[in-house]
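Everything on this sheet refers to the single structure shown next.
The values are calculated or read from the model by the stated rules, or taken from the named source; none is laboratory data. Keep in mind that what you see is a predicted model, and the values were worked out from it rather than measured. Every residue, glycine among them, receives a Cβ derived from its backbone with ideal geometry; neighbour counts consider all protein chains shown.
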Amino acid sequence: MQRITRRFALASAASLLCTAMLGIATGHAQQTPNPQVPAATRTVNLTLEQRHVIRELVRDLKVDRASDDDSKVAAGDDVPGKVTLHPIPPLIGQKVPQIKAHRFYVTQSRVVIVDPQDQKVVEVIE
C-alpha cells in the first residue's frame, strides 16, 4: 500500500514539474498583464523580462525626456504632439522582436512604446 501511495505521489510531482517547465519554456509563466492597462487597448504583449530589458537598455540611451505629465499616459492614448518619437534601437529589436517596428519616447519615469501606424500608445513601462 505504501509503495502505491509513494509511486502516485512521485508521479503527481513529476506531472506538476513538467507542467511548470512547459509554462516556463513557452513564456507563459512570466507573462503577467499590467493591471493598470486594459487588455483590449494593448497590441503588444510583453513579459516582465522583456519590460525589464527595454527599461534597462533605454536607460543607457541619451534621449531627451518628454516634459509631459507622465502619470496620465496609458495604452490606447494618442501621442502628444510635442514629444519626439525615436526608433527602437537594433539591440532592443533583437531582444524584443515584436516591437522592433514601433517607436518610443521617454518621460521622467516611464518608457512609452508607440505604434507608428496610428500614433497610439501600445505599452507604458514603469
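Results, tabulated for the structure shown:
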item	result
Residue, modelled with the lowest pLDDT, within segment 46-66, restricted to residues that are part of a helix (DSSP H, G or I) and farther than 13 Å from Val124 by Cβ	Arg59
So Gly27, is it at pLDDT below 90, at positive phi and exposed (fewer than 13 other Cβ atoms within 10 Å of the Cβ)	yes
Filter result (buried (at least 19 other Cβ atoms within 10 Å of the Cβ) and farther than 13 Å from Val58 by Cβ) within segment 115-126	Val121, Val122
Condition broken by Pro97, with the remaining ones in (1) surrounded by 14 or more Cβ atoms within 10 Å (Cβ to Cβ); (2) without any contact (Cβ under 8 Å) to a residue 24 or more places away in the chain; (3) under 17 Å from Thr47 (Cα atoms) satisfied	(1)
Some residue of segment 104-111 being of a type outside the set (S, T, N, Q), part of a loop (DSSP other than H, G, I, E, B), out of contact with any strand residue (DSSP E or B) (no Cβ under 7 Å at 6 or more places or on another chain) and at pLDDT 90 or above	no
